[in-house]
1. Please give the length that would be gained between A77 and Q10 if that part of the chain were fully extended, namely 0.36 nm times their separation in residues minus their C-alpha to C-alpha distance (nm, one decimal).
2. 5 Å is the cut-off here: which amide hydrogens, built 1.01 Å from N in the peptide plane, fall below it relative to L156, excluding neighbours closer than 5 in sequence?
3. Rounded, prolate or oblate: which fits the range 56-114, taking a ≥ b ≥ c as square roots of the Cα gyration tensor eigenvalues, rounded meaning a/c under 1.5, else prolate when a/b beats b/c?
4. According to the square roots a ≥ b ≥ c of the eigenvalues of the Cα gyration tensor, what is the shape class of the range 137-192, taking rounded for a/c under 1.5, prolate for a/b larger than b/c otherwise, and oblate for the remainder?
5. With a 10 Å Cβ neighbour count serving as the proxy for reagent exposure, in which order, fewest first, do W56, W122 appear?
6. R101 to F152: FRET efficiency via 1/(1 + (r/R0)^6), r the Cβ-Cβ distance, R0 22 Å, to the nearest 0.05?
7. At 222 nm, what value in deg cm²/dmol follows for the chain if DSSP H runs of at least 4 each add -39500 (n - 2.57) and the sum is divided by all its residues, to the nearest 500?
8. To the nearest 10 degrees, how steeply does helix 8-29 sit against the main Cα axis of the chain, on a 0 to 90 scale?
Amino acid sequence: MRTKGLSNLQLKVVGLVLVAVSAVGTAVGLRGLPADLTAADVSRLTVVVLVEAVSWAAIPLYAWLLHWGFVHTTNVARYAGRLAALAVVAEVPYDLATSGRLWDLRSQNPVFALLVSLVVLWALDLLRRGSVRRVGLSILVCVAGVLWLVIFNVGLRLGVMPAGVVLLLFCLVFYFLHSRENTMMTVGGVLGAVALVLPAAGMAVLHFRNEAPGRAHPRYLFYVLYPVVLLAAGLLGRVA
């Protein structure tokens, strides 16, 4: 067990800070820009994209935290229920922060991607000791998860970054390679580089993690902070 480095609590804080930077940058930066971004001011749009891109480093961090939670939870169904509730609660604040609208179907908040990823890991865990037929079912489960995220635009950022799909792929890397650290880091780094580079920076941060039990913190603190941060960013975007 790795005992030195960033704790899960510290990884959550880093992830939340990156989400906050992205939410504020998007909410404020996109305000007043035309719907057709090709007609927008290039310099301003570049700043928005750069700020948004920095937040993509959080994708492997959240994928790791989900995998860690899945491995250590005593009740997967209850875990899934918490994520489902958070996804529903966070949708309006997410839409407000990312598009300035109370309801926008062009992109769904990435907590839905966490939920889909958890269900995929759960199904794989039930099938992992099977025959060739079960290997085929495992592949179908992964494909179904990817298709769900693509069809419903889960975590789609600025129309170019399929964050939901990338998050699921990182979860699969961690699920299958957790026992082989170097291979896991290499594959995760390559995946991050292919996924527009910035997620690879998140893998670099993740390399300096520890897996020792940390100090207890309020169990639902980050469940509350996520929609609050999005709502604050959305409101700021309306008045900025």
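Just so it is clear, none of the values below were taken in a lab; they were calculated from the coordinates. Bear in mind the structure is a predicted one, so any value in this text is a computation, not a measurement. Here the Cβ positions follow ideal geometry from the backbone for every residue, glycine too, while neighbour counts run over all protein chains shown.
1. Stretched fully, the A77-Q10 segment lengthens by 21.5 nm.
2. When sequence neighbours closer than 5 places are left aside, the close amide H contacts are Q108, A163, G164.
3. Here the range 56-114 falls in the oblate category.
4. Values: a/c = 3.64, a/b = 1.46, b/c = 2.50.
It is oblate, given that a/c is not under 1.5 and a/b is not larger than b/c.
5. The order, fewest Cβ neighbours first, is W122, W56.
6. Working: r = 17 Å, r/R0 = 0.77.
Rounded to the nearest 0.05, the efficiency is 0.85.
7. Values: 10 runs with 170 residues, N = 240.
Counting only the DSSP helices, I get -23500 deg cm²/dmol.
8. With both axes taken from Cα atoms, the answer is about 30 degrees.
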